[in-house]
1. When you scan the stretch 145-205 for helices (runs of 4 or more DSSP H) that lie fully inside it, which ones turn up with 2 or more residues that are of a type in the set (Ser, Thr, Tyr)?
2. Residues being assigned to a loop (DSSP other than H, G, I, E, B) and surrounded by 19 or more Cβ atoms within 10 Å (Cβ to Cβ): count how many of those fall in the stretch 236-257.
3. Got a sec? Which of 338, 266 is among the small types (Gly, Ala, Ser), out of contact with any Lys or Arg (no Cβ under 8 Å at 6 or more places or on another chain), crowded, with 23+ Cβ neighbours inside 10 Å and not in a loop (DSSP other than H, G, I, E, B)?
4. What number of residues in the stretch 230-254 are farther than 19 Å from residue 319 by Cβ and either of a type in the set (A, V, I, L, M, F, W, C) or touching a Lys or Arg at 6+ places or on another chain (Cβ under 6 Å) (or both)?
5. Contact list please: Cβ distance under 9 Å, first residue in the stretch 23-36 and at pLDDT below 95, second residue assigned to a loop (DSSP other than H, G, I, E, B) and hydroxyl-bearing (Ser, Thr, Tyr), pairs at least six apart or on different chains.
6. Condition (residue is buried (at least 24 other Cβ atoms within 10 Å of the Cβ) and over 18 Å from the mean Cα position of the chain (by Cα)) applied to the stretch 408-417: is it met by at least one residue?
7. How many residues, within the stretch 94-119, are touching a strand residue (DSSP E or B) at 6+ places or on another chain (Cβ under 8 Å) and in a helix (DSSP H, G or I)?
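The values are calculated or read from the model by the stated rules, or taken from the named source; none is laboratory data. Because the structure is predicted, anything quoted here is derived from the model rather than measured. Counting neighbours? That spans all protein chains shown, and the Cβs are built from the backbone with ideal geometry, glycine included.
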Amino acid sequence: MKTTKKFQLSESEIPQRWYNIVADMPNRPKPLLNPQTREPLQPHEMEGLFAKDLVEQEFSAERWIDIPEEVINLYKIYRPTPLVRATALEKALDTPAKIFFKNESVSPVGSHKLNTALAQAYYNNKQGIKKLTTETGAGQWGSAMSIACQYFGIDLVVFMVKRSFEQKPYRKIVINSYGGQVHPSPTNLTEYGRKVLAQDPDCGGSLGMAISEAVEMAVTTPNTRYTLGSVLNHVLLHQTIIGLEAEKQMAMAGEYPDKVIACFGGGSNFSGISFPFLRHRLTDGTPTEFIAAEPAACPKLTHGKLEYDFGDTAGMTPLIPMYTLGHDFQPEQIHAAGLRYHGGGQLVSQLKADGYINSCAIEQEETFKAGLLFAKTEGIIPAPESTHAIAATIREALKAKENGKSEVILFNLSGHGLLDMGAYENYL
């Protein structure tokens, strides 16, 4: 009997609301702290950095938040994204597990990042903001924010981690093609960047440094705001469109996941696929396991400390209660640049502390081996970040084989690797 591989919703079935997991958390995270006073941060204190509607979402405990019609219309360019059963991968592993993946690589920018970029550009445009700044690691977020800003007539300046800027030249071309300006961070454009370069002219940069530069430019430039591609609550909220679609598609397949897996950098794609399923565990006790797959070079959930820390290297952002390796942590220059972030964000960190989320740290060689097996079996070359989710999925599928268990595993393919050929060339 032929097994259906692909499960696709119609445009009319795109979810109309994002899911806010804060409403169902048994223990809500501690508040963000003002970096100067160390007192709980008030919403108005963030409005100089983020659009007012995004700040409202950041502090919201409302379970469902309506998606603006303008954003839904733009989602229809590429959403709903397909859910695929990885039957060829199952066969290669000789596993009784059923493996499904949500394919976010079909978006125009090749990753899940556009889900929140469109929303953030919309809310900034609604407020009349004319310029935005942001950072990017591997370039997916910078690409997504660039095209989103084009849709709404907003100028964008992107600070890209210098090592990634050098390793991934086509990412900067994509950003430029969409109309964004991109600079290798640290730069001479900000006071913080000049300070870093004075101390280390050959500094390869980090996401924390790039955030510091983007924040500094945002707060010192008139009618300018900052946008972030992960970590914060409102970003994770927008990404739940992934899991909400996947819920409907798993029902079409007649299955429900025993395990949900995604790679983990700051938490955007992991939260996007997992939070809608996690709500059933929080409210109904559904025994699904949630696994965040981190790089061994930057394992904040697996080996970090749960404490207040800055979101950036310079200490300009609010203090966040999260699992962290320290805001001045300098990770190895692995190819999964989007995962080289020191902290885990307050929502995922609290859920991890409460035992609802597990994590694992995977070496780079294992991830690329997994990525190539996935490419050979399912025909998609995954982004280096996504290979972490694939490697963790393979681990769990082989455990199922050893135990003779027919588990259902769902993972998020956060993006394709067609602009990461240099990384695959080095591995091969």
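1. On the way: elements: 162-167, 169-177, 191-199.
Passing ranges, in order: 169-177.
2. Filtering the stretch 236-257 for residues assigned to a loop (DSSP other than H, G, I, E, B) gives 240, 254-257.
Add one more test, that the residue is surrounded by 19 or more Cβ atoms within 10 Å (Cβ to Cβ), and what stays is 240, 257.
Within the stretch 236-257, residues that are assigned to a loop (DSSP other than H, G, I, E, B) and surrounded by 19 or more Cβ atoms within 10 Å (Cβ to Cβ) number 2.
3. Numbers: 266 fails: not in a loop (DSSP other than H, G, I, E, B).
The conditions single out 338.
4. Step one: of the stretch 230-254, the residues farther than 19 Å from residue 319 by Cβ are 237-254.
Filter again for either of a type in the set (A, V, I, L, M, F, W, C) or touching a Lys or Arg at 6+ places or on another chain (Cβ under 6 Å) (or both), leaving 237, 241-242, 244, 246, 250-253.
Summing the residues that are farther than 19 Å from residue 319 by Cβ and either of a type in the set (A, V, I, L, M, F, W, C) or touching a Lys or Arg at 6+ places or on another chain (Cβ under 6 Å) (or both) in the stretch 230-254 gives 9.
5. 35/317
6. Yes: the stretch 408-417 contains one or more residues that are buried (at least 24 other Cβ atoms within 10 Å of the Cβ) and over 18 Å from the mean Cα position of the chain (by Cα).
7. Qualifying residue count for the region: 2.
Conditions tested, residue by residue: (1) touching a strand residue (DSSP E or B) at 6+ places or on another chain (Cβ under 9 Å); (2) without any contact (Cβ under 8 Å) to a residue 40 or more places away in the chain.
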{"position": "270", "(1), (2)": "yes, no"}
{"position": "273", "(1), (2)": "yes, no"}
{"position": "283", "(1), (2)": "no, no"}
{"position": "305", "(1), (2)": "yes, yes"}
{"position": "309", "(1), (2)": "yes, yes"}
{"position": "341", "(1), (2)": "no, no"}
{"position": "350", "(1), (2)": "yes, no"}
